[in-house]
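Structure first, then comments.
The values are calculated or read from the model by the stated rules, or taken from the named source; none is laboratory data. The structure displayed is predicted, hence computed values, not measured ones. Here the Cβ positions follow ideal geometry from the backbone for every residue, glycine too, while neighbour counts run over all protein chains shown.
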Ligand code: NAD
């Protein structure tokens with residue numbers, strides 16, 4: 001499972017799942033670029049990993065469109081969340097989420113494929129969600145972007161297969177990250193219950209394992225998908241949700 005000699009780029013790498021992925025890939029020998037709009041966070045993690053930071057706003061699609069990326073492993077991970085009924089969902093927020101979580105991954109894949117094709121090796125790892133496969137009310141943009149990412153991932157798999165490039169999605173349930181910690185706090189306020197009850201009564205009711213996924217668990221699956229061992233794994237979507245979607 002060594003990734004020695006591989007170059008990896010992880011978007012949203014300064015926090016949560018992205019930081020865990022960057023750390024796991026670096027631990028297996030990859031040279032990692034931590035890409036994030038949080039320049040200080042990206043620089044701090046890159047320093048500890050002996051990697052490089054890329055301070056980038058992935059909403060700047062014009063800049064991404066002209067890019068050429070020299071990397072072997074691309075982890076499309078950066079994401080944001082907004083929860084509101086459709087009739088109250090601001091169109092600008094819908095566009096922002098679609099841009100960050102669908103158009104930016106498309107542009108980065110587009111920028112990375114020529115190098116990957118030339119090398120005969122590439123790994124596109126798209127951090128999707130259980131919401132890439134199943135819907136949930138009040139998350140119209142998030143669910144739409146993640147469903148779109150599933151399609152993009154499969155098309156990339158079909159086009160890249162004969163060039164040694166695989167493309168897969170990872171579909172986590174609730175993962176213990178700043179994004180989810182904020183959701184827990186918001187739900188506690190909304191329902192006027194303690195945060196522990198949000199976990200037990202709202203988030204984990206359908207989980208078989210009855211705990212949040214840890215970012216490192218997602219990262220270790222990403223590291224395996226990135227490895228030479230996983231060359232026949234492509235066009236797939238890996239659910240990691242403690243049994244939530246088995247119901
Ligand atoms: P997080 O908030 O901890 O990290 C997201 C990172 O993305 C941050 O470092 C942030 O600065 C960066 N980012 C946001 N906007 C950006 C922009 N415009 N340009 C560049 N970087 C930007 O979130 P997380 O929980 O680690 O989520 C990471 C991914 O995992 C997301 O795509 C999310 O949808 C997905 N996911 C998360 C969970 C969960 O429960 N946490 C579950 C399923 C899927």
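If you take the residues in segment 204-232 that are in contact with a helix residue (DSSP H, G or I) (Cβ under 6 Å, 6 or more places away or on another chain) and outside any helix (DSSP H, G or I), which one is surrounded by the fewest Cβ atoms within 10 Å (Cβ to Cβ)? Here the answer is 206. When 8, 35 are checked against the criterion of being under 23 Å from residue 119 (Cα atoms), within 12 Å of the ligand (Cβ to nearest atom) and part of a strand (DSSP E or B), 35 stands alone in meeting it.
Testing residue 47 on (1) within 22 Å of residue 215 (Cα to Cα); (2) within 13 Å of the ligand (Cβ to nearest atom); (3) loosely packed, with under 14 Cβ neighbours inside 10 Å, one condition comes back false. Which one is that? Failing condition for residue 47: (2).
Restricting the first member to segment 54-66 and to residues that are over 12 Å from residue 39 (Cα atoms), and the second to residues that are within 11 Å of the ligand (Cβ to nearest atom) and at pLDDT 95 or above, the beta-carbon pairs closer than 6 Å and six or more apart or on different chains are 58/78; 58/100; 58/104; 59/99; 59/100. Scanning segment 78-118 for residues that are surrounded by fewer than 16 Cβ atoms within 10 Å (Cβ to Cβ) and more than 26 Å from residue 39 (Cα to Cα) returns 84, 85, 86, 87, 88, 90, 91, 114, 118. Considering only segment 160-200, state which residues are surrounded by 14 or more Cβ atoms within 10 Å (Cβ to Cβ) and closer than 17 Å to residue 231 by Cα. Passing the criteria: 160, 161, 163, 164, 165, 166, 167, 168, 169, 170. Taken as a whole, segment 59-72 holds no residue that is near the ligand (Cβ under 10 Å from one of its atoms), crowded, with 22+ Cβ neighbours inside 10 Å and within 20 Å of residue 128 (Cβ to Cβ). Residues in segment 11-29 that are outside any helix (DSSP H, G or I) and under 27 Å from residue 173 (Cα atoms): 11, 12, 13, 14, 15, 28.
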